[in-house]
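Accompanying notes for the structure given below.
Where a number appears in this text, it was derived from the coordinates with a stated rule and is not lab data. Since this is a predicted model, take the numbers as computed values, not measurements. When we count neighbours, we look across all protein chains shown, and the Cβ atoms used for this are built from the backbone with ideal geometry, even at glycine.
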Amino acid sequence: MSPDPGQQHEVAALAADNAVMETEIALADLERIRPLLRGDAGMARGQFRFHRESALAVAEGHVSATLTLTCQRCLGEMTLPVDADSRLAFVESATASAEVTGSREPVIAQNGQVSLATLIEEELLLALPLAPMHRDSDCVARSEPQAETRQKPFAGLRDLMKN
Ligand SMILES: [Zn+2]
């Protein structure tokens, strides 16, 4: 059975054990992701391999999900497959996160604890584009040559009124 994704784990203990944690969570249960989605059906999967690296608890993560978003160009529905690898380093505070160097991403573990749900959520947030769009060939708004002129319907009006 998968562990409960919301359960808090002691990162130091996971790292000391070289623990491999794998879980699944419904997208609808990810409270920071859900408002960004057009539809919240589906699951996100995450796997994290914990270990120590000098004084730090670290993990290699892999998160996958298929997100249903709104294309910011045509406002149609689009799906974004996420399949992301990450290299995490756990720290206790934002100040300590400045000390994480190299290719690792600092993750704040409050009181030394994290939940897999939080880690999955962080990864999905990083993977989400600011303005998701279809690929050109899939987007219905792609081939509208007048899009730019239509954005300024009154551009010519000011000239007319001067006379
Ligand atoms: Zn589109």
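Peptide packing for 23-35, 128-140, 62-74 was compared via the average number of neighbouring C-beta atoms within 10 Å per residue; ordered from the highest value, the list is 62-74, 23-35, 128-140.
If R0 is taken as 22 Å, the Cβ-Cβ distance between residue 141 and residue 38 corresponds to a FRET efficiency of 0.85. Within the shell defined by Cβ-Cβ distances under 12 Å, the residues around residue 110 carry a net charge of -2, with Lys and Arg each +1 and Asp and Glu each -1. Amide H contacts for residue 67 (H built 1.01 Å from N in the peptide plane; partners 5 or more residues away or on another chain; cut-off under 5 Å): 80, 82.
Evaluating 6.51 cos²θ - 1.76 cosθ + 1.60 at θ = phi - 60° for every residue in the stretch 96-108, the Karplus couplings come out as 5, 5, 5, 7, 7, 10, x, 8, 8, 9, x, 10, 7 Hz, glycine and proline recorded as x. Taking a ≥ b ≥ c as the square roots of the eigenvalues of the Cα gyration tensor, the stretch 38-128 is classed as prolate, since a/c reaches at least 1.5 and a/b is larger than b/c. With a simple spin-label model that places each label point 7 Å from the Cα along the Cα-to-Cβ direction, the separation between residue 45 and residue 98 comes to 4.0 nm. Between amide H atoms placed 1.01 Å from N, distances below 5 Å from residue 133 occur with 72, all of them 5 or more places distant or on a separate chain.
Quick one: if the Förster radius is 25 Å, what FRET efficiency do residue 24 and residue 87 give, using the C-beta to C-beta distance and rounding to 0.05?
Values: r = 22 Å, r/R0 = 0.87.
For residue 24 and residue 87, the calculated efficiency is 0.70.
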